[in-house]
1. Can you report the number of residues in the range 143-175 which are crowded, with 21+ Cβ neighbours inside 10 Å, aliphatic (A, V, I, L, M) and under 16 Å from G109 (Cβ atoms)?
2. Of all helices (runs of 4 or more DSSP H) completely enclosed by the range 119-226, which ones contain at least 2 residues that are among the β-branched types (V, I, T) and not assigned by TED's automatic domain parsing to the domain that holds I90?
3. Would you please name the residue that is surrounded by the fewest Cβ atoms within 10 Å (Cβ to Cβ), looking only at residues in the range 197-219 that are free of Cβ contacts under 8 Å to residues at least 40 places away in the same chain and among the small types (G, A, S)?
4. Among the residues of the range 267-315, how many are surrounded by 11 or more Cβ atoms within 10 Å (Cβ to Cβ), of a type outside the set (V, I, T) and under 40 Å from the mean Cα position of the chain (by Cα)?
5. State all residues of the range 92-108 that are over 30 Å from D32 (Cβ atoms), assigned to a strand (DSSP E or B) and among the small types (G, A, S); if no residue qualifies, say none.
6. Quick one: R88 ticks every box in (1) assigned to a helix (DSSP H, G or I); (2) without any contact (Cβ under 8 Å) to a residue 24 or more places away in the chain except a single one, so which number is it?
7. Output the residue which, of all residues in the range 121-177 that are basic (K, R) and in contact with a strand residue (DSSP E or B) (Cβ under 6 Å, 6 or more places away or on another chain), is nearest to G19 (Cα to Cα).
8. Would the range 317-324 turn up any residue that is at pLDDT below 85 and not assigned by TED's automatic domain parsing to the domain that holds V212?
Amino acid sequence: MKRTDITASGLKYVEICPGFANDKEGDQAFADEGKRLHKACETGDMAGLNDDQRELVEKCLGVVAPLLPGAQRDLREQDFPVPIIKRRGIVDRLIMKGRTVYAIDWKFGWNPVDDAEINNQGQAYALAILHGMADMDRVVILFVSPRCNEISRGEFTRSDIPRLETRIETILARRAALFDEGREDLLNATDEICRYCGNRGTCPALYSKALVVAQNYSDAVLEIPSQFHPSTWTTPEEHSIGRRLALVLEKWVESVKAHNMQFVTEAGQTIPGFELKSKSGKREIKDILAAWAAMKDELTLEDFLAVCGPVSVAKLEEAVAVRAKRGEKTKQKEALNERLTDMGILATGAEMYYLARVRGG
């Protein structure tokens, strides 16, 4: 397992499981959109946003407007130290009025965040502000979630500092116990965070749950690798055991998906935490010549062919083979490939390798 730095927003997950590490290799599409929306909230420039995105930004800015009259300072994308986690944080909007600081954070996800009163990120920011701004006595944390139509408010004063510090110090102490003292019993594999964790491929707690599944799903007694992570395997036997185990788990995962779909679509049941959704079927032109006839007055032949996509070599080979004399099909296919290669229009991808199970093995 890899030990990573803790961010203020990651404190929630580390409190649930001290082994949590942010997965930086996951889908970044939502993160990229969030950056664009944050930038629009900072600058007010909505160029490049669609109507829905502009509405989200307008909702955020609408929260700020009533707080501005009488404000001494209005800071955007304010970078400041968060000493308790030895990191820096960024508050999307920091407004100071009298001896009160309003710290506003935009949340563009589809799910509500924890209430600001108990939110670890908000509490870490409140601590940093109270310690760093001696002339401020009150911090109001606002989490604005425009997609959820929610505004969460938490208020903290200097009397709250001891309890806030105790909570965060406890989180840090449990993480230190895991990585410095080997306390793997503190790991807590849960659906809430494992799917977002960069350590899920090396986590002993998640591994133990997978083994229970495998042992109960296999028709035969499964051997278990002596070491959890594949990077530690050094013998052919260990790799073989791991591969057999993986095959069983893959089979179980596919079975879960199939039976859940049947449970919902045929039995008319619902599964807590999930909903049935659909997406449009793939659109496909069945007759390319008819399509060209429909478009030839609007496109040149070159433009039309450019959007037709790659030609299936296998289908082209079959079309040639059908017209070949008996016994010459293979020769005609080879000649076709040679001709296309010589013309520089046939590209062959890199050879792919995979492990296939030996019969009886």
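1. Within the range 143-175, residues that are crowded, with 21+ Cβ neighbours inside 10 Å, aliphatic (A, V, I, L, M) and under 16 Å from G109 (Cβ atoms) number 1.
2. Details: elements: 120-132, 161-181, 191-194, 204-217.
Answer list for the range 119-226: 204-217.
3. The residue in question is S208.
4. 4
5. Matches in the range 92-108: none.
6. (1)
7. Quick first cut of the range 121-177, residues basic (K, R) only: 138, 147, 153, 158, 163, 167, 174-175.
Those still in the list that are in contact with a strand residue (DSSP E or B) (Cβ under 6 Å, 6 or more places away or on another chain) too: 138, 153.
On the way: R138: 33, R153: 29 Å.
That would be R153.
8. Taking the range 317-324 and keeping what is at pLDDT below 85, we get none.
No, the conditions are met nowhere in the range 317-324.
The values are calculated or read from the model by the stated rules, or taken from the named source; none is laboratory data. Worth saying up front: this structure is predicted, and the values here are computed from it rather than measured. When we count neighbours, we look across all protein chains shown, and the Cβ atoms used for this are built from the backbone with ideal geometry, even at glycine.
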